[in-house]
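What follows is calculated from the coordinates using simple rules that are stated; it is not laboratory data. What you see is a predicted model, and the numbers here were worked out from it, not measured in a lab. Note that each Cβ is placed from the backbone with ideal geometry, even for glycine, and that neighbours are counted across all protein chains shown.
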């Protein structure tokens, strides 16, 4: 925590905010890609100390929020089966499917467990050979290495009762989709620091070049975020569009090559539907053919699952940055964290939940 | 054909040596000799006091003297379930005593007597029960209360989670002490008695097998002594609340709603120990929403705040007492935090259980 205190110093934060105010001569819209960054901005009130010229747009980088409803419904169907144990990260439990959430399935007798690592699910599969253990593998590039390692481990041990419901998503295709969407207002991106710690930064210079947009790799603490914003504004004001790394204590250009190798062996690119946004080409990972035996979608009969989104929910517009959460007509009325219509109101990283919980209306 | 010999009824004895079993069996809840065994070998030796030793169907307490000078009776109950039963810093036994003692203390009462009802699961080790009961007796002694009546029931294996304990208690509120949301005024100080989130993180670290850099211990403690010291320093305390489940965020929201006033707290003032802060950070939990079992929130007239803080810091359970914020007339029913950076945000009422985040 002493280490973290360095990146939360209030005086330095105010100095950085003042510096951004001196740099900014006209309005700029900057999107933070990652949900963790959104929460840090709202929790710490960073947007409130920025000059009025700077508008932060909250991006689609919350894995819980963009996981398609159909995947949630499949997880619910798996969890309802008497022979299965469904393992998930905690914040997926409250995400509503078409009709119910994992908490409801658990209350009705389904075996649903919160784990902190996919390796915990492998351990469970080893100790419960009488049950099918399924891990709900969602997330961006950040969670992919551990998920891939869990599959490798299960394969090495020949654990026939372990499988994964995979719905991995990737940041660079999402940035491309946002820049190509007709109503795009984004002038610059803060790239997600933890994704880049795995994948490196080499994927981003071509995007900055193609769309003429500054991309600054940014961390999650208040001073990290302010420094990332300062650098994007400096680029925008000078008419530049480059990749910069404002999170060098964690991120290198090449990233974690061992992790990338594990991912490349276990996963293969796939077109992925993003909840509220639609299908983005090559924007996700599925299990590679060599590991298809661990694919829960093949192991269980999940046909006939059709997902129905709430017609009121505008989370897609929120995730693309077209509207602020509080501009959705259902925000705080039909849709609250207690009665969420979409995942952005559920996840602790979701933009709607961040707004609601911080009292932004 | 010869008649079979008549059965020798007089010499009959059940061959199963039930009374020597090391585990709770259904018969321990049957009200017969096995129930008596538990009472005589486990509960009476630990809790023994003149009222309990009467072994009546109810405890008869002489409280007329305590109420003679305008004191009023406080009455509260608290049910306890926790896994594991024994955890760093305490057990379900301490929780069961301190939970009710603290509920009484939050009304300004001096706790007097508790009842304790035990629901035992078939198969619970009697040695484990005895250990928890002796911890409970020690907690009662520390809190200055007697356990004067009780009950045990046994449920079938798989239907009881080991052991649950429900306590109820009575205490006396001294004349002139009037705590409640109606007393709360704009400008009042909001004080917290020490570091937050220790209990919840201690339970989570053992339950989930998470090892942090140092062991996190539950803060379970009786707060009646601290409350007495605070009332001695300032008999006009407005309101006390122990922020257990749902943490300080829940208690502050309840206070703001009940008083019809706003509350403002300062982020840098929130006391959290470094190891608990790290644990919350790793799991994506908010220490304001995590349970405490030995802390209190006090709403105090602003000009008495320093005197109350001094009295608290002189007491073993209030050494790290600190000013957290203030009551305001603005934004009634809403708790607002001023962030270290100079922004602000609403501190919401938590919805359900806190969920560790994906990344």
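Here are the numbers for this structure:
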| read-out | value |
| --- | --- |
| Largest-first principal axis extents, alpha carbons of the protein assembly as shown, Å | 99, 90, 44 |
| Cα convex hull of the stretch A:315-357, projected area averaged across orientations, nm² | 2.5 |
| Relative contact order computed over chain B (Cα-Cα under 8 Å; 6+ residues apart), in percent | 20 |
| Helix A:35-44 vs. chain A, principal-axis angle (Cα, 0 to 90°, nearest 10) | 50 |
| Angle in degrees between helix A:10-23 and the longest Cα principal axis of chain A, rounded to the nearest 10 | 60 |
| For the stretch B:73-156: relative contact order, % (alpha-carbon pairs under 8 angstrom, 6 or more apart) | 36 |
| Gyration tensor over alpha-carbon atoms, the stretch A:217-299, equivalent ellipsoid semi-axes in Å | 35, 17, 12 |
| Expected 222 nm ellipticity per residue - DSSP helices of 4 or more, -39500 (n - 2.57), all of chain A, to 500 | -11000 deg cm²/dmol |
| Degrees between helix A:171-180 axis and first principal axis of chain A (Cα, 0 to 90, nearest 10) | 60 |
| Choice from A:138, A:215, A:46 with maximal GNM fluctuation in chain A (Cα, 10 Å cutoff) | A:46 |
| Highest-fluctuation residue, A:116, A:247, A:291 considered, GNM on chain A with Cα pairs under 10 Å | A:116 |
| Per-residue Cβ neighbour rank within 10 angstrom, fewest leading, A:326, A:347 | A:326, A:347 |
| Of B:325, B:65, B:56, the one that fluctuates the most in a GNM where chain B has Cα springs shorter than 10 Å | B:65 |
| Proportion of all alpha-carbon pairs of the stretch B:201-267 beyond 13 Å (%) | 75 |
| Antiparallel bridges, percent of DSSP beta bridges restricted to chain A (to nearest 5) | 20 |
| Relative contact order computed over the stretch B:22-173 (Cα-Cα under 8 Å; 6+ residues apart), in percent | 38 |
| Chain B: calculated mean residue ellipticity at 222 nm from DSSP helix runs of at least 4, using -39500 (n - 2.57) | -8000 deg cm²/dmol |
| Burial ordering of A:140, A:135, A:294, fewest other beta-carbon atoms within 10 Å first | A:294, A:140, A:135 |
| Reduced Cα scattering model of chain A, Debye log10 I(q)/I(0), q = 0.07 Å⁻¹ | -0.30 |
| Sequence of A:298, A:156, A:286 once ranked by neighbouring C-beta atoms within 10 Å, starting from the fewest | A:156, A:298, A:286 |
| Kirkwood estimate for chain B, i.e. one over the average of 1/r between Cα atoms, Å | 22.3 |
